[in-house]
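**Q** Before we start, here is the structure in question, set down as structure tokens.
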Amino acid sequence: AAQLWAGAAAGTTAAADSWRVGTLLSARVMGQTDIGRLLLEIGGLTVEADAPGGQLPQQFQVRVLTQGAQPQLEVVPGQVDERVAMQGLRERLPLQNGYAPLLGVLAALARRPVARMLPAPLRAALATLEAAINKPSDVGSPLGMKEAIAKSGAFLESHLAEPKRDTPAADDFKAALLALRRALADIPTGRAGATLARPPIDTPPPLVQRPLVPQPRADAVQIADDDVDAVVGQLRVDTRAALSRVEIAQLESHPQAGLWIVEVPLAGVRGYDVLQLRIEEGKPVAGEAEGPWTVGFAIDPPSLGAVQGEIQLRVPRVSVRLWAQRPETVARLENEFVPLRRLLEKSGLILDHFACMHGLPTPPSAYSAVLLEARA
């Protein structure tokens with residue numbers, strides 16, 4: 001990146017044309033260096049910059065004020081232009097995929113000798129990624145779930161903008177993905193196009209207008225004991241896809257409108273699962289202190305099969321609807337009805353409605369027709 005920028009500043013690369021004085025460029029925050037400088041992608045280049053005094057959004061625009069060895073850029077004030085967000089989606093949608101392919105390679109490497117042959121910085125980055133993945137027990141309490149959502153990667157840039165935070169959280173999932181991408185970029189390209197042989201996986205992107213879709217684990221991937229090039233090539237593809245997916249979810253979340261799309265990876269038995277969340281805050285009506293909250297979720301662990309749910313809270317009443325692909329899972333979930341009611345009562349809440357249905361919903365929009373009728 002430094003060499004690219006040096007060439008651009010000197011006018012010796014094609015990037016120089018897009019960095020002329022007065023030019024508006026799209027920018028996004030990628031992370032933070034060990035010495036507290038921001039890592040930005042601007043005009044197709046990855047550069048370091050001194051952090052401004054205020055908070056930066058994930059996507060913003062800058063204007064080139066001066067060129068030279070250390071150019072000066074001005075952050076264009078105002079809200080992120082809708083066209084910038086749409087451009088961000090257009091760039092990432094063709095690249096994205098679910099987390100399952102990357103997590104499948106991570107799980108397979110834990111059991112293969114080839115992991116010891118990978119470069120040390122790459123092994124360290126993979127260990128950091130593994131450490132950023134929650135255990136199911138971590139999300140079994142309110143505080144644990146809150147922390148898992150906070151470090152899911154959806155809020156990395158807002159954490160970086162906190163005045164007292166000098167470096168990104170070591171256990172943030174997106175920060176770990178960015179570190180993995182940097183480690184992969186430092187490895188010389190081996191056999192062109194070398195990847196692992198496995199069935200194709202195509203996971204729908206996390207868009208507001210799409211319903212949640214449970215993401216099963218990827219099929220076991222076969223890794224030869226000495227094929228480092230194929231492992232590195234596959235990691236490059238899957239890391240890029242996972243980062244694109246995180247950023248699509250960030251672009252589709254609208255905190256001002258009370259809507260967040262979050263995906264939390266979980267370390268299961270001999271593999272990893274993904275908990276998808278859609279959190280929505282409704283507007284309060286007359287006489288209410290706060291509006292209703294609706295949480296949709298989806299997960300597909302091997303022990304349960306695909307499970308989806310909708311939880312609606314209008315204090316102090318809670319409504320829970322669940323769907324399970326397997327009949328035995330329906331029975332297991334129904335057996336938890338009484339413990340769930342007692343747990344809610346201890347928190348001062350009333351379980352107003354509980355239903356668990358066999359099969360998965362086929363909603364026309366993000367939530368099921370049942371919930372839409374209930375809210376209407």
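**Q** Is it the case that residue 54 is open to solvent by 20 Å² or more (accessible area, probe 1.4 Å) and modelled with pLDDT under 70?
**A** It is true that residue 54 is open to solvent by 20 Å² or more (accessible area, probe 1.4 Å) and modelled with pLDDT under 70.
**Q** Which one of these is modelled with pLDDT under 85 and among the charged types (D, E, K, R): 186, 171, 138, 166?
**A** Going through 186, 171, 138, 166 in turn, just one is modelled with pLDDT under 85 and among the charged types (D, E, K, R): 166.
**Q** Quick one: residue 213 ticks every box in (1) open to solvent by 20 Å² or more (accessible area, probe 1.4 Å); (2) under 30 Å from residue 339 (Cα atoms); (3) assigned to a helix (DSSP H, G or I) except a single one, so which number is it?
**A** Only one criterion in (1) open to solvent by 20 Å² or more (accessible area, probe 1.4 Å); (2) under 30 Å from residue 339 (Cα atoms); (3) assigned to a helix (DSSP H, G or I) is unmet by residue 213, namely (3).
**Q** Considering only residues that are under 23 Å from residue 95 (Cβ atoms) and open to solvent by less than 40 Å² (accessible area, probe 1.4 Å), which ones fall in the range 224-236?
**A** Passing the criteria: 230, 231, 232, 233, 234, 235.
**Q** Determine whether residue 245 is of a type in the set (Lys, Arg), touching a Pro at 6+ places or on another chain (Cβ under 7 Å) and not in a strand (DSSP E or B).
**A** It is true that residue 245 is of a type in the set (Lys, Arg), touching a Pro at 6+ places or on another chain (Cβ under 7 Å) and not in a strand (DSSP E or B).
**Q** Determine which single condition residue 208 fails, assuming it passes every other condition in (1) within 18 Å of residue 309 (Cβ to Cβ); (2) among the hydrophobic types (A, V, I, L, M, F, W, C); (3) part of a loop (DSSP other than H, G, I, E, B).
**A** So residue 208 meets the others, but not (1).
**Q** From the set of residues in the range 111-148 that are part of a helix (DSSP H, G or I) and over 24 Å from residue 180 (Cα atoms), which is most open to solvent (accessible area, probe 1.4 Å)?
**A** 146
**Q** Also: Among what's in the range 86-105 and is closer than 22 Å to residue 301 by Cβ, outside any helix (DSSP H, G or I) and of a type outside the set (Gly, Ala, Ser), pick the residue that is farthest from the chain's Cα centre (by Cα).
**A** My answer is 97.
**Q** While we're here: Checking the condition over 30 Å from residue 104 (Cβ atoms) and either at pLDDT below 95 or not hydrophobic (A, V, I, L, M, F, W, C) (or both), which residue from 250, 308, 276, 256 passes?
**A** The conditions single out 256.
**Q** Being of a type in the set (Val, Ile, Thr) and part of a loop (DSSP other than H, G, I, E, B): is that true of residue 223 here?
**A** Yes, satisfied.
**Q** Here is a follow-up. So which residues in the range 289-322 are touching a residue at least 40 places away in the same chain (Cβ under 8 Å) and not in a loop (DSSP other than H, G, I, E, B)?
**A** 294, 296, 297, 298, 299, 307, 308, 310, 312, 319, 321
**Q** In the range 332-354, how many residues are more than 29 Å from the chain's Cα centre (by Cα) and either within 11 Å of residue 304 (Cα to Cα) or outside any helix (DSSP H, G or I) (or both)?
**A** Residues in the range 332-354 being more than 29 Å from the chain's Cα centre (by Cα) and either within 11 Å of residue 304 (Cα to Cα) or outside any helix (DSSP H, G or I) (or both): 11 in total.
**Q** Just a yes or no: is a residue in the range 187-204 surrounded by fewer than 16 Cβ atoms within 10 Å (Cβ to Cβ), in contact with a Pro (Cβ under 8 Å, 6 or more places away or on another chain) and in contact (Cβ under 8 Å) with a residue 24 or more places away in the chain?
**A** No, every residue in the range 187-204 fails to be surrounded by fewer than 16 Cβ atoms within 10 Å (Cβ to Cβ), in contact with a Pro (Cβ under 8 Å, 6 or more places away or on another chain) and in contact (Cβ under 8 Å) with a residue 24 or more places away in the chain.
**Q** May I pose another question? May I ask you to list the residues in the range 91-138 that are among the β-branched types (Val, Ile, Thr) and either without any contact (Cβ under 8 Å) to a residue 12 or more places away in the chain or under 17 Å from residue 265 (Cα atoms) (or both)?
**A** The answer is 105, 128, 133.
The values are calculated or read from the model by the stated rules, or taken from the named source; none is laboratory data. As the structure is a computational prediction, the values presented were derived from the model and not from experiment. Don't worry about glycine lacking a Cβ; one is built from the backbone with ideal geometry, like all the others, and counts go over all protein chains shown. Note: accessible area is taken over every heavy atom of the protein model, side chains too, but ligands, DNA and RNA are not part of it. Shrake-Rupley method; radii C 1.70, N 1.55, O 1.52, S 1.80 Å.
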